[in-house]
Structure formats: C-alpha cells, structure tokens
Amino acid sequence: MQFFGTDGIRGEADWLQANEIPKLLGRALASLGHARTRTHGNENAGDENCDAQQDSKLRPIRIAVARDVRLSSPQIERQLLHGLLEHDAEVFCLGVLPTPALVSVSKTLNVDFSVMVTASHNAPSYNGLKVFDHNGEKLSPEEEQNLDNALPTAPKGNALGVVHTVLDAEKIYIDYILKTLNTSFNGVIVHLDCANGCTAELASKVFTLLGATVIAENNIRNGAIVNVGTGSTNMDYLFSKLREGEIGFAFDGDGDRVQGAIFEQNQTVKLLDGDYFLLSLAMLLQKENLLGIPSIVATELSNGKLSLELAQRGISLERTDVGDKFVLDRLKQKNLILGGERSGHIIARCYSPTGDGILSALLLLKARKFGICPAFVPFKQYELNVKVKDRDVALKNPIFLSELKKLKELLDNDGRILVRKSGTEPLIRLMCESDKIEIGDFLTKIGNVLQNN
C-alpha cells in the first residue's frame with residue numbers, strides 16, 4: 001500500500017502536512033461514505049418508493065475525530081477537517097483523548113467512521129492517522145486497501161460541513177471503564193508511567209476511582225517529550241521506580257498499548273509483556289465463562305512458550321502477521337474473543353473492539369485479585385532493529401540472504417527466525433527465538449550486513 005502501514009498512516013509530521021495526507025484522507029473518507037450510503041439506498045431498486053428511500057439515505061457522513069498530545073496534532077487535525085468539511089461531513093471533535101476512548105465515545109455518537117490523529121509509540125517528530133469503522137474496529141485489510149487506493153484521486157468538494165465539539169468525551173469513557181470493571185482495588189499500590197501522552201492524568205483518575213493507590217509518573221500531557229525515554233517501549237524507566245511487591249504499568253503515547261512490571265521477592269523486576277497479558281486474560285475470561293471458543297490470537301512475534309502454557313489450560317493459539325489489524329481480522333473470522341501482540345496491544349472483544357491500555361491493565365489487576373498469576377518464563381528471544389536506506393533493497397542483498405540461510409541451518413529446527421519490514425519506520429526488524437547462546441552474535445552479524453547495504 002502507498003499510505004497505510006502496519007497501524008494506519010504514519011510518518012514524519014512535516015511530510016504528512018507538506019503532502020496534505022490528512023486532507024486527502026478526509027476527502028477520501030467523505031467520498032467513500034457518500035458512496036456507501038447511496039449503495040445502501042439502491043438495495044431496494046424496483047420498489048415504487050425507491051427514490052424516496054434513496055434520498056433519505058443520502059445524509060452527510062458522520063465522523064468522530066480525536067488527537068494525541070503531539071505538537072503537530074492540531075495542525076494535522078485541521079487538515080483532516082478541511083478535507084472532511086469539503087464534502088459536507090458532520091464531524092464530532094473530541095479533543096485530546098486516548099485512542100480507545102475515541103472508539104468508546106464514538107459508539108455512543110452513531111458515527112460512520114472515527115479517526116485518531118496519533119503516531120502511537122513513535123517519537124515526537126512523527127504523527128499519523130488511525131481509522132476505525134462504525135463498530136469502532138480497525139478497518140479490514142480489504143477496506144484499508146480500498147481507502148489507500150482512493151487517497152491519490154480523492155475528489156475536491158465545495159460543500160460546507162458542520163463541526164460539533166464534544167465536551168464530555170473523557171467522562172463518557174471513564175463511566176464506561178468503571179461500569180465494565182465493577183470491582184475494587186483497595187489496598188493495591190500501582191505505579192503508572194503515562195509517557196506524557198494521552199493517558200496522563202486520565203489513567204491515574206480511573207485507577208484512583210477504583211480504589212487503587214496511584215503513583216503516577218510522566219503524568220503531564222506534553223507533545224514535545226511524549227514517549228521520550230518513558231512509556232511501554234522504554235520499560236527501564238518503570239523498572240527503576242518499583243519497590244519490592246509493587247506492580248506498575250506503562251502506556252504508549254495514545255494509550256492503546258500497555259506493558260507491565262512487578263518487583264518480585266527475589267529482588268528482581270519481571271516484565272509483564274503482551275504475552276503475559278494474553279495468558280492471564282485468557283485464564284480470567286475462561287474463569288468467567290467469557291472466552292467462548294477456547295482459542296486466542298497472537299502474532300508471529302509472540303513467544304513460543306505462550307502456546308505451550310495455553311495448551312496446558314486447554315486453549316489453542318492462532319498466529320497472524322504482525323499488526324493488530326490482522327489480529328482483529330482473525331478474531332472476527334473465527335468468532336474469537338481475545339487476541340493481541342507481545343508489544344501490549346490487547347483486544348478483548350467482550351469489552352472493547354480495539355486495544356485499550358487502561359482497560360487491559362485493570363483486567364490484569366482483576367486477574368491477579370482472583371489469584372491468576374502464572375509463572376510465565378518465555379523462551380529466550382533475540383531482537384534487532386536495523387536502520388536501512390531502502391527496506392526492499394536491503395532484504396534482497398545476496399550477502400544478507402546467505403547469512404540468513406546459515407542462521408537457519410544453525411537453528412536446525414531448534415528455534416525460529418522472523419525478518420520483517422517496519423510498517424512505520426525505515427527499519428528491518430529481526431527476531432530469533434532459541435536457547436543457543438551463539439545466536440545473539442550471529443544475529444548481530446546479520447544486522448551489520450543489512451546496515452552496510
């Protein structure tokens with residue numbers, strides 16, 4: 001695809017604005033929306049009332065928009081609105097909110113689409129756009145491809161849309177979380193690293209309302225330093241704050257991911273990554289008879305130990321390509337409830353149609369309250385991110401392909417290797433799972449070949 005990557009549209013904020021990508025997306029969404037309502041109106045072709053029914057379906061498209069805290073987000077939001085309002089869209093502006101809060105509130109507004117202006121866990125200089133359908137779900141791969149194709153030729157419009165400002169969006173989300181959890185965490189001390197992003201202030205408010213004693217870090221929304229040295233992709237910060245017996249959670253910039261950590265009695269801090277969340281929540285939902293079919297979905301990056309631990313509890317694991325959109329697509333195909341990524345993007349469809357860091361953290365606390373604390377020890381994994389000039393060219397390098405073949409021979413069915421292009425950055429991501437000590441050095445050697453391409 002030309003514009004969409006692993007998780008929506010993503011890139012340097014200056015590039016997005018210079019190429020008017022947000023405006024093109026607004027035009028494309030509004031145009032597709034009108035086409036969709038017209039098609040729906042024509043379903044009764046031949047009916048004597050067809051014309052009247054079709055006219056009633058030609059209403060303006062309804063779209064909810066929220067943004068993260070990045071300095072570029074207001075400008076990108078304005079471009080998006082420009083494109084939408086050219087086609088008489090009815091737009092609901094929710095202000096700064098976590099992505100899952102946008103989704104939650106959008107479902108109460110009966111919108112056709114919702115769009116989040118965010119670059120999620122990326123650096124402050126990046127930004128992007130995530131698109132959700134009327135159910136609050138990420139677009140299917142086919143829908144995303146259609147939208148990607150429509151962007152370059154999105155027609156200009158000369159209509160005048162309307163904008164509504166939703167002032168109580170945060171309250172609607174908080175009320176939803178409190179109603180969903182309906183439990184108390186009195187006596188629990190929780191550290192929260194909010195990465196100076198969308199969950200700042202909001203997450204601590206929710207945990208406090210549920211009875212927890214909260215120690216909040218990086219709890220001020222600041223687009224200049226969002227994700228810098230903090231958050232779910234920089235867990236060392238949270239590790240340094242925990243004391244014996246304490247638990248903590250770190251969110252990413254837009255709040256759809258979470259990673260946890262716990263300071264155990266042996267004076268070590270244990271990472272509670274997305275695999276740990278999937279195992280714990282699978283056990284929780286199984287206990288509460290909410291899991292349905294005893295199977296969950298994870299990506300190729302999830303540790304092989306997760307499959308074994310689930311199998312011991314009568315639960316199977318399905319794998320997809322990396323990206324929560326692929327996880328959601330498989331969940332829908334197989335009518336499954338729980339899925340996610342090791343990075344901490346967890347989808348529990350019985351509660352929310354998208355990843356929700358705050359909700360996932362609270363569900364993990366609930367699982368632990370019920371005594372669900374699996375001693376999950378993953379297989380050893382080696383990961384390497386290599387910056388390259390051209391991802392496609394780098395992956396065709398004959399020296400790289402030769403070294404990769406040697407590594408596969410070294411593994412000899414005693415592990416696995418995954419090579420993939422980043423969907424949002426000029427990176428090649430390497431992951432190898434094996435208990436062979438020499439694998440780490442071999443992976444570094446392969447990375448050097450890519451880097452020198």
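Going by Cα centres, region 84-121 and region 215-265 are how many Å apart?
26 Å
Using a basic spin-label model with each label point 7 Å from the Cα along Cα→Cβ, how many nm lie between N186 and Q265?
About 2.6 nm separates the two model spin labels.
At a threshold of 8 angstrom on Cα-Cα distance, excluding pairs fewer than six apart, so keeping six or more, what relative contact order does the chain reach in percent?
Relative contact order comes out at 13 percent.
Evaluate the charge dipole of region 276-396 about its Cα centre and quote only its size in Debye, nearest 20, assuming +1 on the Cβ of each Lys and Arg and -1 on the Cβ of each Asp and Glu.
180 debye
Under a point spin-label approximation (7 Å from Cα along Cα-to-Cβ), what is the D14-L418 distance to one decimal in nm?
3.4 nm
What is the extension gain from N289 to N452, computed as 0.36 nm multiplied by their sequence separation minus the C-alpha to C-alpha distance, in nm to one decimal? List each step's numbers first, then the result.
Details: separation 163, 0.36 × 163 = 58.68 nm, distance 5.28 nm.
So the extension gain works out to 53.4 nm.
Under the rule a/c < 1.5 gives rounded, and otherwise a/b versus b/c splits prolate from oblate, where does region 171-272 land using the Cα gyration tensor?
oblate
Can you tell me the FRET efficiency between N158 and S125 if r is taken as the Cβ-Cβ distance and R0 is 35 Å, rounded to the nearest 0.05?
0.55
Rounded to the nearest 5, what is the percent of antiparallel bridges among the DSSP beta bridges in the chain?
Of the beta bridges lying entirely in the chain, close to 55 percent run antiparallel.
Please report the antiparallel percentage of DSSP beta bridges with both residues in region 274-369, rounded to the nearest 5.
30 percent
Which of rounded, prolate, oblate describes region 67-106, given a ≥ b ≥ c as roots of the alpha-carbon gyration tensor eigenvalues and a/c under 1.5 marking rounded, otherwise prolate only if a/b is larger than b/c?
Working: a/c = 3.39, a/b = 1.25, b/c = 2.72.
Judged from the Cα gyration tensor, region 67-106 comes out oblate (a/c at least 1.5, b/c at or above a/b).
Using only helices, what value at 222 nm comes out for the chain when you add -39,500 (n - 2.57) per DSSP H run of length 4 or more and divide by the total residues, to the nearest 500 deg cm²/dmol?
Mean residue ellipticity, 222 nm, calculated: -11500 deg cm²/dmol.
With the cut-off at 1.5 for a/c, could you classify region 381-451 from its C-alpha gyration tensor as rounded, prolate or oblate? Numbers along the way, then the final one.
Numbers: a/c = 2.09, a/b = 1.60, b/c = 1.31.
Note, shape of region 381-451 comes out prolate.
Cross-link candidates for K389: which aspartates and glutamates have Cα within less than 15 Å, leaving aside residues fewer than 8 places away along the same chain?
Of all the aspartates and glutamates, those that pass the test against K389 - Cα under 15 Å, at least 8 places apart if same chain - are E425.
Once the Cα atoms of helix 274-287 and of the chain are each reduced to a long axis, what angle between those two axes, in degrees from 0 to 90 to the nearest 10, is obtained?
80 degrees
What nm value, rounded to one decimal, do you get for the distance between E246 and L209 when each label is placed 7 Å out toward the C-beta?
Reported label-point gap for E246 and L209 is 2.5 nm.
Hey, what do the phi angles of region 434-445 turn into as Karplus ³J(HN,Hα) couplings, whole Hz, using 6.51/-1.76/1.60 and θ = phi - 60°, x for Gly and Pro?
5, 9, 7, 4, 6, 4, x, 5, 5, 5, 4, 4
Which whole-number percent is the relative contact order of region 242-299 (Cα, under 8 Å, 6+ apart)? Kindly include the intermediate steps, with their values, before the conclusion.
Numbers: 59 pairs, mean separation 12.7, N = 58.
Relative CO of region 242-299 lands at 22 percent.
If R₀ is 25 angstrom, what is the calculated FRET efficiency for the pair M1 and Q333, using the beta carbon separation as r and rounding to 0.05?
After rounding, the FRET efficiency stands at 0.75.
Taking amide H atoms as placed 1.01 Å from N in the peptide plane, list the residues 5 or more away in sequence, or in a different chain, whose amide H sits under 5 Å from that of L97.
R67
No lab work stands behind these numbers, since they all come straight from the coordinates. The shown structure was predicted, so the numbers you read here are calculated from the model rather than taken from an experiment. Positions of Cβ are generated from backbone atoms using ideal geometry, with glycine treated the same way; all protein chains shown enter the neighbour counts.
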